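Taking it in order: structure first as structure tokens, then the write-up.
What follows draws every value from the coordinates through simple rules; no lab data is involved. Keep in mind it's a predicted model, so treat the numbers as computed, not measured. Counting neighbours? That spans all protein chains shown, and the Cβs are built from the backbone with ideal geometry, glycine included.
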Amino acid sequence: MARIRLKRIYDPAAPEDGTRILVDRIWPRGISKASAALAFWSPKTAPSAALRKWYDHDPEKWSEFRRRYFAELDAGAEEVSRLKKKMTGKTITFLFASKEEEKNNAVALREYLEKSGDDG
């Protein structure tokens with residue numbers, strides 16, 4: 001599997017980003033499609049609105065958030081497969097809007113994909 005980097009979408013695009021994939025359900029405020037420099041937007045692999053609202057970036061809920069999010073990803077295997085097909089090149093950068101850089105959906109999605117291997 002390609003190396004997956006993580007980056008806030010508000011940080012400038014850089015050549016070392018490789019394939020840039022936005023993994024948020026909602027388009028980030030104040031970002032134009034041109035400045036995003038995306039290869040792909042994968043809103044259907046982001047957490048559901050209900051799960052995102054429940055989690056609310058509460059560190060105490062991180063473990064349970066990941067469990068619930070992974071269950072959503074398991075149920076959405078077709079979208080996960082679609083995402084994997086877009087992950088071309090040696091480096092992939094998952095982009096996210098959250099100010100929380102350690103415990104967000106991009107971190108969890110990378111963990112999920114690394115655990116599942118490259119069988120998609």
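Please report, in debye to the nearest 20, how large the charge dipole of the stretch 37-89 is about its Cα centre when each Lys and Arg carries +1 at its beta carbon and each Asp and Glu carries -1 there. Walk me through the numbers on the way to the answer.
On the way: 11 positive and 8 negative charges, 50 e Å.
The dipole of the stretch 37-89 has a size of about 240 debye.
Across the stretch 3-116, C-alpha contacts under 8 Å between residues 6 or more apart give a mean separation that, scaled by the residue count, equals a relative contact order of 44 percent. Dividing the alpha-carbon radius of gyration of the chain by the rule-of-thumb value 2.2 N^0.38 Å gives 0.99.
Using only alpha carbon pairs under 8 Å that are at least six residues apart, calculate the relative contact order of the stretch 1-57 and give it in whole percent. Walk me through the intermediate numbers first.
Working: 44 pairs, mean separation 19.7, N = 57.
Relative contact order, the stretch 1-57: 34 percent.
Rounded to the nearest 20 debye, the dipole magnitude of the stretch 24-120 is 380 debye, with +1 charges on Lys and Arg beta carbons, -1 on Asp and Glu beta carbons, and the Cα centre as origin. All other residues whose Cβ lies under 9 angstrom from that of Ala97 are scored, Lys and Arg at +1 and Asp and Glu at -1, for a net of +2. Taken as Cα centroids, the stretch 24-50 and the stretch 58-120 sit 14 Å apart, rounded to the nearest whole angstrom. Just Gly30, Gly76, Gly89 to compare: in a GNM of the chain, with alpha carbon springs under 10 Å, which one fluctuates most? Evaluated over the chain, the most mobile residue of the options is Gly30.
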